[in-house]
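The values are calculated or read from the model by the stated rules, or taken from the named source; none is laboratory data. These numbers were taken from a predicted model, which means no experiment stands behind them. Note that we place each Cβ from the backbone using ideal geometry, even for glycine, and neighbour counts take in every protein chain shown.
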Amino acid sequence: MNILVFDTSTDILAVGVAKDDGSMKLRAENGFRHSETLLPTIERCLSESGLELKDIELIACTSGPGSFTGLRIGMSTAKGLSLALGIPWVGVPTLDCIAFGSKNPGCVTVPVLDARKNRLYAALYRDGRRVSEYLDNSIAQLLALLDGEEEVRFIGPDADLFADYALERPGFIVETDDPERKLRGLSALAELHYKEKGGAKDDEGPLYLREPEIG
């Protein structure tokens, strides 16, 4: 299945084309200019993949949590392309995409997004399965949830917020962010969701963990 995927939930815009042969082309752009750069980045990514929009069979975007404005841009673009091309689209929770493929036995994986106001968006995963709610917590609250865990891996674009704690806590590991892993997770989870439940409904909206605001 040829799938167009994009993540607009953070300041880094990531776009990928996952081809039915398992290969993926990826482009990433820095800065909160998603409304200006998303469509041109999609065009470049498609060109580098040797595909056109007519070859795409499914569109997938991250549904949140993340930047309120970024999520709206991503989801409205997915809906617009879906309508124009007559193909389905799917939204996938951002934290699930980041955590996808992390299956270290005995380890808790924690994808981390900066939620501003001294808070974080996060969730806890064991053996590839989410074992907590999607969280909007302070660092202290998240650390309290992890008290007693022997091995914890912090991943995602803002995992480095835990770098100092990792120096003091044996078993705490901060991994370098990997946009390609997130997009591969988005692609795999979107295809699975589509096969099990079909495409998203017209009225589906972003996953917000607090009241929407600009940013």
Looking for something assigned to a loop (DSSP other than H, G, I, E, B), of a type in the set (Gly, Ala, Ser), touching a strand residue (DSSP E or B) at 6+ places or on another chain (Cβ under 7 Å) and more than 14 Å from VAL15 (Cβ to Cβ) - is there at least one such residue anywhere in the range 56-70? yes
With the structure loaded, tell me whether LEU71 is assigned by TED's automatic domain parsing to the domain that holds ARG129, within 23 Å of ASP158 (Cα to Cα), surrounded by 17 or more Cβ atoms within 10 Å (Cβ to Cβ) and modelled with pLDDT of 95 or more or whether it fails that test. no
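Considering ASP203, ASP147, which residue is under 15 Å from SER63 (Cβ atoms), among the charged types (D, E, K, R) and free of Cβ contacts under 8 Å to residues at least 24 places away in the same chain?
Every option except ASP203 fails the conditions.
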Candidates SER35, SER82 - the one that is outside any strand (DSSP E or B), over 30 Å from SER132 (Cβ atoms), in contact (Cβ under 8 Å) with a residue 60 or more places away in the chain and over 13 Å from the mean Cα position of the chain (by Cα): SER82
What residue, of LEU186, LEU161, LEU207, is closer than 17 Å to LEU95 by Cβ and in a loop (DSSP other than H, G, I, E, B)? LEU207
Only one of (1) touching an Asp or Glu at 6+ places or on another chain (Cβ under 9 Å); (2) in a helix (DSSP H, G or I); (3) basic (Lys, Arg); (4) over 28 Å from TYR208 (Cα atoms) does not apply to LYS25, and that is (2)
